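Right, one structure below, let's go through it.
The values are calculated or read from the model by the stated rules, or taken from the named source; none is laboratory data. Just so we're clear, the structure is a prediction, and the values are computed from it rather than from any experiment. Because the Cβ atoms are built from the backbone with ideal geometry, glycine has one as well, and the counts that use them run over all protein chains shown. These accessible areas exclude ligands, DNA and RNA; they are computed on the full protein's heavy atoms, side chains included. Shrake-Rupley method; radii C 1.70, N 1.55, O 1.52, S 1.80 Å.
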Amino acid sequence: MAKIKRVVIWASLAIIILLAIFSIYGAFIGSGNASIFFNSLPLAVFWFIFLAFLLLGFLFYPRLIKKPQLLMMHIGCILIFAGGLWGSETGHELQNKYLGKDKVFKGSMVIYEGQSENRVLDKKDYETVVKTLDFEIRLDDFHMDYYDQDEESGPTVHITSHAGGHWDLKAVPGEELDVPGVGKIKALRTFKRFRLIITEDGVNDAKDDTGGSENPAVEIEITRPDGTSVKKFVYLYFPDFTKDVEGLTLTCEFPVQDGMVKDYFSDLVIVKDGEEVLKKTIEVNDPLHYGGYHFYQSSYDDKAGAYTVLSVTSDTGLYFVYAGYLLVCLGVIWQFWGKMILRNSANNDVKTEQA
Amino acid sequence: MDIKFTTQGYLIYATIAAYLLAFLFSVCKQRKFGQAVYFLGFLIGIASFVYRWYHSGHIPFQNMFEVFLCMGMMIYPLSIFCRRYLRVGGMAVDMLLGAVLLVPAGFVFDAEPQKLPPALQCWLFVPHVAVYLFSYVIMAKAAVQAASKLIMPNAESEQGIVDGERGAYEMVCLGFPLLTLGLILGSWWGKLAWGDYWGWDPKELWSLVSWLVYLAYFHFRFIFGRKYPRANSAWVLGGIVAILITLLWVNLSKIFPGLHSYA
């Protein structure tokens, strides 16, 4: 019996060391190849040996059962392992084949603003439909938050005369420069999501539409030498609109660092059997959970903000993994800190008695 | 080597100077002066951390500069706690360790504040990074204890202070729950941010390696106890090597591109 116990504990140590070696190898080959490696058949054998020795530990070391903290740590590891297997790609394939389930492991969804979608696409090509959900997701709005523009890295209006002269106007409201032969050019407003509106008086105006697509623009005013003035909008994406203004070509530039994206949001609605059952605004770190899947804010249309890209992941096995995490944490804290706290309390009691 | 002629830089250099002066006082048997200057260094370290927090607009845990700045500040409370409650000595060496931890912040890494990208705007950002940084400092102290056992195996400990092998064990017992918590919080955050609680990313795998080395240490010590103190010390030193690779090589080398590259 003692011999078998020694074999079990030595094998457990060897398995831990082997897992560390495999992990080092996996770190060098990159996450894609590491995923394939750790899900391969030889490693599947390793995982089962790992699980077997965790269970054998309970058989030959009653301490693991008698001491709650050790029990929690080891059961936690088993739960993490079991949840990981159950929720893996292979686990999904086996469940679909033998248990009649119809769940996809992972995928993506591309949804345009104002439209609904129920097709989950293959993450590799964004074309192959891997699953049609029994509900739809509608994207009501996609919008982004930006960090405040910094004066030193703000947009610039480039002014070129047909005679070859060139000037740069910093697009800070009130900033002005003199263009010989033309007049004074002043920056009035900048927009990140320019949208033309018609006021109640029937006058054309513009606003920064926080819910709209990205459309950077600068409003300028040209004051001629005779005192008359004209206002123009210079668009980042439509430079042709200001190819010939008072004999000048006007373009604008918004630096890459300007208006760095702070966060991006998708206003989603779950529609099932024609009824809206759930509404949620998702962002990075705050996914939507419905119908056995999590939907993550993954990417977006970086040109016009017209569509959002969601990453779809099955929740199979997840709660086993979370339960395992909780048990491991509690067990580890109890085992290592609990002992310390008790020992210090005992020392304090002794000191008090001696005093 | 890049000297920072800024308020932030001066605060870091003042902290380093205080730690080194404290170390010199301690080595010259002026313990009380040493501890007073060590405490002063800690206060300057806090000021440096708070200054960075104010100027970056977020808690300074985002990049390598901020990580080392924070770790340099954590050493003092750890020293006091270990001496008082765990009977683990080595306070003089901790002063030196604190100075060493601040050198990358003071002379190597860029101090330009960066805005937080969307992926880092999560409530788990602070606890995940904080527990990891604290565990790294604890394991670094454990490594010093283990190294002292290897270098001076027969050295006698101070009255009421445990020897190097026991000291290393106590430190690893203190730091291992934090290392575990850091790993699990990171996994949870990965699930919230990217949909994967485990993506086989190099950073994740090296973090797992660090954890496994200490796990193996505990199993080895369970088998042999204190029979082979040098082997026990070697495990602890192996652990700090894995941590250094996780913290430095993975973040800085092009060999390991992954989702954690912004760190």
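Having 2 or more residues that are open to solvent by less than 60 Å² (accessible area, probe 1.4 Å) and closer than 22 Å to B:W194 by Cα is the bar; report the strands (runs of 3 or more DSSP E) wholly within segment A:114-195 that clear it.
Working: elements: A:116-121, A:129-146, A:156-161, A:166-170, A:176-179, A:183-191.
Counting at least 2 such residues, we get A:116-121, A:129-146.
Those residues that are under 16 Å from A:I270 (Cβ atoms) and without any contact (Cβ under 8 Å) to a residue 40 or more places away in the chain, I need them from segment A:116-130; list them, please.
A:E117, A:N118, A:R119
Exactly one condition in (1) surrounded by fewer than 21 Cβ atoms within 10 Å (Cβ to Cβ); (2) within 13 Å of chain A (Cβ to nearest Cβ); (3) under 19 Å from the mean Cα position of the chain (by Cα); (4) not β-branched (V, I, T) is false for B:F222; which is it?
B:F222 satisfies all of (1) surrounded by fewer than 21 Cβ atoms within 10 Å (Cβ to Cβ); (2) within 13 Å of chain A (Cβ to nearest Cβ); (3) under 19 Å from the mean Cα position of the chain (by Cα); (4) not β-branched (V, I, T) except (3).
Could you go through segment B:171-183 and let me know if any residue there is part of a helix (DSSP H, G or I), more than 7 Å from chain A (Cβ to nearest Cβ), at pLDDT 95 or above and touching a Lys or Arg at 6+ places or on another chain (Cβ under 8 Å).
There is at least one residue in segment B:171-183 that is part of a helix (DSSP H, G or I), more than 7 Å from chain A (Cβ to nearest Cβ), at pLDDT 95 or above and touching a Lys or Arg at 6+ places or on another chain (Cβ under 8 Å).
Let's see how each residue does on (1) of a type in the set (F, W, Y); (2) within 28 Å of A:N344 (Cα to Cα); (3) surrounded by fewer than 22 Cβ atoms within 10 Å (Cβ to Cβ):
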{"residue": "B:G182", "(1), (2), (3)": "no, yes, no"}
{"residue": "B:L205", "(1), (2), (3)": "no, no, no"}
{"residue": "B:A216", "(1), (2), (3)": "no, yes, yes"}
{"residue": "B:Y228", "(1), (2), (3)": "yes, yes, yes"}
{"residue": "B:S233", "(1), (2), (3)": "no, yes, no"}
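Select, from B:W206, B:W235, B:W188, B:W198, the only residue that is of a type outside the set (A, V, I, L, M), farther than 28 Å from B:D94 by Cα and part of a helix (DSSP H, G or I). Steps first, please.
Working: B:W206 fails: farther than 28 Å from B:D94 by Cα; B:W235 fails: farther than 28 Å from B:D94 by Cα; B:W198 fails: part of a helix (DSSP H, G or I).
Exactly one residue qualifies, and that residue is B:W188.
Which of the residues that make up segment A:201-232 are open to solvent by less than 50 Å² (accessible area, probe 1.4 Å), of a type outside the set (D, E) and within 22 Å of A:D302 (Cα to Cα)?
A:G211, A:G212, A:S213, A:N215, A:P216, A:A217, A:V218
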